[in-house]
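Right, one structure below, let's go through it.
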Amino acid sequence: MHSIEKRTLLVSLINLALFQTRKKMAVAYAIISILVASTAASASQCFESIISFGDSLADTGNFFLLSPPNKPPYCARPPYGRTFFHLPTGRSSDGRLVIDFIAEALGLPLVESYIAGKNAAEKGGRFSKGVNFAVAGATVLDTVFFDKRGIHNRVTNVTLGTQFDWFNQFLAVIPNGRKFVKNSLILVGEIGGNDYGNPLLLDIDPKAIRSFMPAVVNYIGSTIEELIKLGATTMLVPGVIPMGCLPALLTHYKTSSTEKDYHPTTGCLNWLNELSIYHNELLQKELSRLRHLHPHIAIIYADNYNAMMRFYLSPHQFGFAKESILRACCGGGGPYNFNGSALCGNLPRANCCENPSLYVNWDGLHCTEAANKWIAQGLWEGSYTHPHIKTICPSISSPAGFQYHHYY
Ligand SMILES: *[C@@H]1O[C@H](CO)[C@@H](O)[C@H](O)[C@H]1NC(C)=O
């Protein structure tokens, strides 16, 4: 009880500090970015900047800043951010995201959210090392598409198309836009997870979801083509994560599932993971089509799915606890510690684990910093980029502090 009281006090203090003004937060955030950049290993010299599109897996503050000030979204509340930033930054995690570890590995500052610095763009400099257009909840397909199918449960109307429009507006106001694009590592996603996650939470037939997966992937493909027209030379395109291992979906489909629906070793729902695999197969086919059309452009697939499956198959190797492998660290109880009416950020109704680094999942839908760090490690050191990122950037530094746990 004692430590819970202390935490609640801390949480209220952070809350108070957080909601005084957003400007202050942006300043704190910029300082954090600078500190992180200066502690990062020597720059790899491969890329001068990072440009990012995506959803909550990559959002470093846009969704937070787009929300009405009197309605802070989930990711703007403690205990989000508690592990690394020690305050919520709008990231959907307890700490850093994969994009943050990518920035560190490249010796670049953490990528600032476009909304945080939008009005400063014409003053120059602010986004010289990177700009992030990713928005939590963003889909690839647009609102009209989902509305037509009775799928209204999105948290934002921002789509990949909206983010691309912002990008064009951004290019129109910065000097040497084409050079900026050319010298950037461009992260196209992860995006697509919400196109499937929203309908899944409404019990839409998985066959119907499969039927529009090619449209999602085609849209991602045409965005890549547009980026190439604007001067892009290197793109990293992640697949979707294993949806069948997410506490939110495991909880939602618990009552309708039988023993044989689950993977015997991991406990993940097979049919949901098959949906992820299908999207990722379509995406890889599309990327290989684009590589043939544009042989001088580096189009790298990031296999987040298999980088993550390692956690579920051998948790101890990554320092995760086997008993909590499918449980959210922060949530409202139940077998997966997920409860849609007591979400993380809704303290004290939701609880938060003592040690997030023992967990893969943070809040039912998103990874912990520990998992994000291992995903990034899998991209640099493992075999989870195709073609391998080191064939494009041999000097890329590995994220610091990786130690396999040799329990197996
Ligand atoms: C999306 O746009 C519609 C129509 O403008 C609006 O009614 C709705 O509230 C918006 N949804 C979100 C989540 O912003």
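The values are calculated or read from the model by the stated rules, or taken from the named source; none is laboratory data. All figures in this text were calculated on a predicted structure; none of them were measured in a lab. Here the Cβ positions follow ideal geometry from the backbone for every residue, glycine too, while neighbour counts run over all protein chains shown. SASA here: full protein model, heavy atoms, side chains in, ligands and nucleic acids out. Shrake-Rupley method; radii C 1.70, N 1.55, O 1.52, S 1.80 Å.
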Count - residues of segment 201-217 that are in a helix (DSSP H, G or I) and without any contact (Cβ under 8 Å) to a residue 12 or more places away in the chain: 2
Restricting to helices (runs of 4 or more DSSP H) lying wholly in segment 135-190: which have 1 or more residues that are away from the ligand (no atom under 16 Å from the Cβ), aliphatic (A, V, I, L, M) and modelled with pLDDT under 95? 160-173
Would you please list the contacts, defined by Cβ atoms under 7 Å and residues six or more apart or on different chains, that run from a residue in segment 140-157 that is under 21 Å from residue 75 (Cβ atoms) to a residue that is away from the ligand (no atom under 13 Å from the Cβ) and not hydrophobic (A, V, I, L, M, F, W, C)? 140/192; 140/195; 140/219
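Matching residues to (1) within 30 Å of residue 285 (Cα to Cα); (2) of a type in the set (S, T, N, Q):
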site: 311; (1), (2): yes, no
site: 321; (1), (2): no, no
site: 324; (1), (2): no, yes
site: 337; (1), (2): no, yes
site: 341; (1), (2): no, yes
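On the basis of being open to solvent by 10 Å² or more (accessible area, probe 1.4 Å), closer than 29 Å to residue 127 by Cα and in a helix (DSSP H, G or I), does residue 222 make the cut? Show your work before the answer.
On the way: open to solvent by 10 Å² or more (accessible area, probe 1.4 Å): yes; closer than 29 Å to residue 127 by Cα: yes; in a helix (DSSP H, G or I): yes.
Against the criterion (open to solvent by 10 Å² or more (accessible area, probe 1.4 Å), closer than 29 Å to residue 127 by Cα and in a helix (DSSP H, G or I)), residue 222 qualifies.
Is it the case, given these coordinates, that residue 232 is open to solvent by less than 10 Å² (accessible area, probe 1.4 Å), in a loop (DSSP other than H, G, I, E, B) and touching a residue at least 12 places away in the same chain (Cβ under 8 Å)? Break it down stepwise before answering.
Details: open to solvent by less than 10 Å² (accessible area, probe 1.4 Å): yes; in a loop (DSSP other than H, G, I, E, B): yes; touching a residue at least 12 places away in the same chain (Cβ under 8 Å): yes.
For residue 232, the condition - open to solvent by less than 10 Å² (accessible area, probe 1.4 Å), in a loop (DSSP other than H, G, I, E, B) and touching a residue at least 12 places away in the same chain (Cβ under 8 Å) - is met.
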